[in-house]
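Here's the structure, in structure tokens; my notes come after.
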Amino acid sequence: MGTLLYGASATEISFDDRALAHLQIVITAKLRRREGFVFSWTSAPGAGSGRSSIWLDPSSTLFFRYFGSRPPVINREWIEVLAASSNNPAGLVFSAEPESSTGS
């Protein structure tokens, strides 16, 4: 299980390593373009099942921590789905990996 640490308070947001790797690609692409955006996700039942959102911009302090030793295979379809979401007015909304994906 990977962790995205956000802000000076290092708020911990947990995602599976594979999901976190895909999020890192989309988030860093937007921040490289100096774009601010909202990032939202739904918490697991054990964490309260609610929804959370944070504002990200180029001045945001982010740290991506992975617990596995091997980088996952990147699924371009998933990157495209997440990137398309990030360009909507609601911002980047985390979604699970598409079932039709091949993991290529």
Residues that are more than 14 Å from the chain's Cα centre (by Cα), of a type in the set (Lys, Arg) and either within 23 Å of residue 72 (Cβ to Cβ) or surrounded by 12 or more Cβ atoms within 10 Å (Cβ to Cβ) (or both), drawn from the range 1-55 | 32
Sort out which residues of the range 22-55 are in a helix (DSSP H, G or I) and of a type in the set (A, V, I, L, M), and write them in order of number.
-> 23, 25, 26, 27, 29, 31, 47
Which of the residues that make up the range 75-95 are touching a residue at least 40 places away in the same chain (Cβ under 8 Å) and open to solvent by 40 Å² or more (accessible area, probe 1.4 Å)?
-> 90, 93, 94
So residue 59 fits all but one of (1) in contact with a Lys or Arg (Cβ under 9 Å, 6 or more places away or on another chain); (2) open to solvent by 60 Å² or more (accessible area, probe 1.4 Å); what number is the exception?
-> (1)
Residue 19 vs (1) in contact with a Gly (Cβ under 6 Å, 6 or more places away or on another chain); (2) hydrophobic (A, V, I, L, M, F, W, C); (3) not in a loop (DSSP other than H, G, I, E, B): all pass except (1)
All conditions in (1) open to solvent by 40 Å² or more (accessible area, probe 1.4 Å); (2) small (Gly, Ala, Ser); (3) under 22 Å from residue 89 (Cβ atoms); (4) free of Cβ contacts under 8 Å to residues at least 12 places away in the same chain are true of residue 69 except (3)
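The values are calculated or read from the model by the stated rules, or taken from the named source; none is laboratory data. Keep in mind that this is a model prediction, so the values were computed, not measured. We place every Cβ from the backbone using ideal geometry, glycine too, and count neighbours over all the protein chains shown. Just so you know, the surface numbers come from the protein's heavy atoms only, side chains and all, with ligands and any DNA or RNA stripped out. Shrake-Rupley method; radii C 1.70, N 1.55, O 1.52, S 1.80 Å.
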